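Here is the structure we will look at, set down as structure tokens.
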Amino acid sequence: MSEKFLMKGNEALAEAAIRAGCRHFFGYPITPQTEISAYMSKRMPKIGGTYLQAESEVAAINMVLGAASAGVRAMTSSSSPGISLKSEGVSYIAGSDVPCVIIDVMRGGPGLGGIQPSQADYWQATKSLGHGDFQILVYAPASVQEMVDLMYKAFDKSDEYRMPAMILADGMLGQMMEPVSFPEDNTSNLKEKEWATNGTKEARKPNIINSLLLNPDELEKSIVERYKKYDIIKEKEVLFEDYLTDDADFVVVAYGATSRISKSAVNEARKKGIKVGLLRPKTLWPFPTEKLYQLSKQVKKMLVVEMSMGQMVDDVKLSTKGNCPVEFYGRTGGVIPTPKEVLNEIIKLAEKEGE
Amino acid sequence: MIHKIQNLKKNIVITGHYGSGKTCFAVNLALALKELHKDVVVVDLDTVNPYFRTADYSDIFKEKGIELISPIFANTNLDIPALTANIEAVLQNKDKTVILDVGGDDAGAIALGRYNSILKEQGYDFIYMFNKYRYLTKTPHEAVELLKDIEQASRLNPTYLVNNSNLGVETTLEDLEQTNEYTKQLKDITQLPLLCTCIRSDLNNNLDLFEIKTIF
């Protein structure tokens, strides 16, 4: 095991990005993710990278489009309201088939909302981060170490599939401190990007990065091609943690910060003799649909826990195809549910079943 | 060690890197000084950090009779770094021991500049917290660079080092032992005395270290 450090989630995301080869960061401060920008502003100049504080989130995401088009690993980060501002640029990046990483450290919304943790941007991240037919890869870490590990993966998969990847965290993960260790640096063996607009050196035709296709047939064809890629991703890139589900009568489904709370509740419920497990999606798109479908045939009920009024719960219901009832428990607006609250919901689930 | 803490000046400024443990130390120091029958005031000067801050401990302080002054909007949804006027009053009150819990890095220390002349006039101790296990201060050299930035932002001079090296709940006594060389180097470069080394109370085996009760 390599050396351990005590790091804040936001710092760990920033350092992991650097170690994954990111040398171009375009940011704009917003609580609760400002440490990412602050960290990058300190580190990037020391390693010959670019840290640029843009004049707005809109500018920052378009700088990412520019830098990534030239073939470098580029990143931006924000929190909920700032991500809304970036959505136009994300759509352009997806339409241009350019890889990049976007961090969203979610806070309470809508509007300016609040600065406390939230998971109310699940729909935004997985369904509608911009206009048009497209998807982005969405990774949902649940610990500071996983923020590091998934950052490497986000850059690699983003490059592999030429599409944006998002790390969807929340204020709790961004601000909490935990020990982490870093995998080996990943900067020397990056593949050459033959599509990049990094100069022809008079050896090839100019590459063009563009999302404007005025001919409907041509545009349709490009979207259909992209969706074929999405099908491969849905098959190959789903990640989840399966915890105590083998003999489970009930399964709690939660991601990110709420999965940690739910895990504590599951452990307590097990002590009371309730056969309950946890299914934690690590990728929200692609979603672990097949795994949940299999579980839905085994368990009596599922409980989805989120820091929102219920967003991922829709995807869980779709995955179960009506095989088992799916209940929901959530707190929102920056309120974090306690393990005890979740435990009570699990007990209610089991009691209702016993009646 | 209790003796060293008892002899600190009436105004105690706690600075350090983000996440070096300033708030945790400030809370524990306030409790220790209260046990020594001092009239303790904790000032939350952290205008940088949104979540974990001294204002989170208002209940413990109330119970122990420790006064807490925090930014008016701390722990609300408003991100406004407004400080109250009574901070000046307590800094000038000779009967009160004041602990200033400053924000992280030089950015956090800027808020200190406002009280520069009062602190110089009334006398102060300036504690620089360090944690060897924080990534940006993993070498003594980096910790010194950061201290210089904080000095510049606050226009005050450091008087003590505090070793708060830890890996959170995973810290072992071995991890702490491995900070000896780092601490020695930091003392040599800065020419500052070490006030104390902090240890999580459940790890302490009668060592003469400053016990940190995990309130988090």
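Straight-line cross-link partners of residue A:317 among the aspartates and glutamates, defined as a Cα under 15 Å from its Cα and at least 8 positions apart when in the same chain: A:290, A:306, A:327. Using only Cα atoms, tell me the angle between helix A:289-298 and the longest principal axis of chain A; keep it within 0 to 90° and round to the nearest 10. Result, in degrees: 10.
Taking every DSSP helix (H) stretch of at least 4 residues in chain B, weighting each as -39,500 (n - 2.57) and dividing the sum by the residue count yields a mean residue ellipticity at 222 nm of -9500 deg cm²/dmol. Quick one: net charge around residue B:39, please, counting Lys, Arg +1 and Asp, Glu -1 for every other residue with C-beta under 14 Å from its C-beta. Here the charged neighbours net out to +3.
The angle between the Cα long axis of helix B:180-190 and the main principal axis of chain B comes to about 60°, on a 0 to 90 degree scale.
Our Cα-only numbers for segment A:241-354 put the radius of gyration and Dmax at 12.5, 35 Å. Across chain A, the mean sequence separation of Cα contacts (distance under 8 Å, 6 or more residues apart), normalised by length, yields a relative contact order of 18 percent.
Note on the protein assembly as shown: with charges restricted to the Cβ of Lys and Arg (+1) and Asp and Glu (-1), its dipole about the Cα centre is near 180 debye. Comparing the full protein assembly with the isolated chain (1.4 Å probe, heavy atoms, ligands and nucleic acids excluded), the residues of segment B:1-48 losing at least 20 square angstrom of accessible area are B:18, B:19. Each residue of segment A:154-167 is assigned a 3J(HN,Hα), and the resulting list reads 4, 5, 5, 6, 4, 5, 4, 9, 6, 8, x, 10, 10, 9 Hz, derived from the Karplus form 6.51 cos²θ - 1.76 cosθ + 1.60 (θ = phi - 60°), x at Gly and Pro.
Segment A:1-86: percent of C-alpha pairs farther apart than 18 Å? Result: 39 percent of Cα pairs exceed 18 Å.
For chain A, what does the helix formula give at 222 nm: sum of -39500 (n - 2.57) over DSSP H segments with n ≥ 4, over the residue count, nearest 500 deg cm²/dmol?
Values: 12 runs with 150 residues, N = 355.
So the calculated ellipticity at 222 nm is -13500 deg cm²/dmol.
When the scattering of segment B:1-118 is computed by the Debye formula from its Cα atoms alone, each counted once and equally, what is log10 I(q)/I(0) at q = 0.11, 0.12, 0.16, 0.20 Å⁻¹? Log-scaled intensity ratios, in q order: -0.32, -0.38, -0.70, -1.13. Axis angle, to the nearest 10 degrees, between helix A:80-95 and the longest C-alpha principal axis of chain A: 60 degrees. Peptides B:154-162, A:56-64 ranked from most to least packed give A:56-64, B:154-162, packing being the mean of other C-beta atoms within 10 angstrom over each peptide's residues.
I'd like the distance separating the alpha-carbon centroids of segment B:33-56 and segment A:108-183, in whole Å. Computed from Cα coordinates, the inter-centre distance equals 33 Å. Excluding same-chain neighbours fewer than eight residues apart, the lysines reachable from residue A:228 by a Cα-Cα span under 18 Å are A:127, A:157, A:236.
Taking a quarter of the surface of the convex hull around the Cα atoms of chain A, what do you get in nm²?
Details: hull surface 76.5 nm².
Seen from a random direction, the Cα hull of chain A projects 19.1 nm² on average.
Residue by residue along A:11-21, Cβ atoms of other protein chains within 10 Å of the local Cβ number 1 on average. Among B:100, B:111, B:144, flag the residue with its Cα farthest along the positive direction of the charge dipole of segment B:42-147, charges on Cβ as +1 for Lys/Arg and -1 for Asp/Glu. Farthest towards the positive end: B:144. Rg then Dmax, both in Å and based on the Cα atoms of segment A:78-221: 17.4, 53.
Compute the whole-percent fraction of alpha carbon pairs in segment A:1-147 spaced more than 25 Å apart. Write out the running numbers ahead of the final one.
Working: 2473 of 10731 pairs.
Of all Cα-Cα distances in segment A:1-147, 23 percent exceed 25 Å.
So how far, in whole Å, is the C-alpha centre of segment A:336-355 from the one of segment A:300-317? Distance between centres, Cα-based: 14 Å.
Would you mind checking the pairs A:42/A:282; A:193/B:138; A:282/B:22; B:4/B:132; A:234/A:297 and listing those with alpha carbons more than 27 angstrom apart?
Numbers: A:42/A:282 30 Å; A:193/B:138 35 Å; A:282/B:22 33 Å; B:4/B:132 23 Å; A:234/A:297 21 Å.
In this structure, A:42/A:282; A:193/B:138; A:282/B:22 exceed 27 Å between Cα atoms.
The value for segment B:2-212 of Rg(Cα) / (2.2 N^0.38 Å) is 0.96.
The values are calculated or read from the model by the stated rules, or taken from the named source; none is laboratory data. Source: prediction; values computed, not measured. When we count neighbours, we look across all protein chains shown, and the Cβ atoms used for this are built from the backbone with ideal geometry, even at glycine. For accessibility, only protein heavy atoms count, side chains too; no ligands or nucleic acids. Shrake-Rupley method; radii C 1.70, N 1.55, O 1.52, S 1.80 Å.
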